[in-house]
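Read the structure below first, then the notes.
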Amino acid sequence: MDFFYFLVTQHEKYGDAGDFHADYFGTVGFLYGFLGALVIGVICALIFYFGCCNNPKSVKTATPSIWAIFLIISGVIGYFYADFALIGDPDNSAPGTISFVEVNNQGCVDKKEGEVSTNIASINSAYETIKNDLKKGQDVAFEFDLTTAVLAMIFYFLCSLLVKRFTIAGKAIPMLKP
């Protein structure tokens, strides 16, 4: 998944704060972002093609401009899914969620167990750095959200190419071939 989220892994803040980024993104963050983008792109494409293009009377809604609006909608949903569900709010994280903030909260507690006081201070410092950077918008959250949005749009486009031939009025949207 690092290949798809290269904007995140190449970010200067990605390796700065110990293992907090790798603990989350390397295990579940990239995977859930990728799978969420896939589901969002496929659902938006299915809604467009089978909601707007599969009725003989719906020729008015089966246009490339409506298709483009759904493309943008899939990107916006992907962005906010990544931001709210996968990154989370640094001030109000919900316990038991899979958000970056909550995993870091739990990871900070787990890392402190059995550590000496100097290591606990560095763990707390790294955790607070990430939390403060997220509040300022300086951590990897924007790059992660943006990549998830772009992936959702790519999956929407690919699903469009697969599904369009099964519709009545959408066979030429977004393009005539393939």
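The numbers here are math on the coordinates, done by the rules we state, and not lab data. Computed from a predicted structure; not experimentally measured. So basically every Cβ, Gly included, is an ideal-geometry build from the backbone, and we count neighbours across all protein chains shown.
From F20, F4, F34, grab the single residue that is hydrophobic (A, V, I, L, M, F, W, C), under 20 Å from Q138 (Cβ atoms), out of contact with any strand residue (DSSP E or B) (no Cβ under 6 Å at 6 or more places or on another chain) and in contact (Cβ under 8 Å) with a residue 12 or more places away in the chain.
F20
With A62, A68, A45 as the choices, which residue is under 10 Å from Y156 (Cβ atoms) and either of a type outside the set (V, I, T) or more than 14 Å from the chain's Cα centre (by Cα) (or both)?
Within the list A62, A68, A45, the selection yields A45.
Do you know which residues across the range 26-63 are within 18 Å of A85 (Cα to Cα) and in contact with a Phe, Trp or Tyr (Cβ under 7 Å, 6 or more places away or on another chain)?
G29, F30, G33, F34, G36, A37, L38, I40, G41
Could you tell me which residue of the range 138-163 is nearest to C53 (Cα to Cα), considering only residues that are of a type in the set (D, E, K, R) and surrounded by fewer than 23 Cβ atoms within 10 Å (Cβ to Cβ)? Break it down stepwise before answering.
Filtering the range 138-163 for residues of a type in the set (D, E, K, R) gives 139, 143, 145.
Now narrow it down to the ones that are surrounded by fewer than 23 Cβ atoms within 10 Å (Cβ to Cβ): 143, 145.
Numbers: E143: 34, D145: 30 Å.
Within the range 138-163, the match that is nearest to C53 (Cα to Cα) is D145.
Output the residues belonging to the range 141-162 that are within 13 Å of A45 (Cα to Cα) and among the charged types (D, E, K, R).
none
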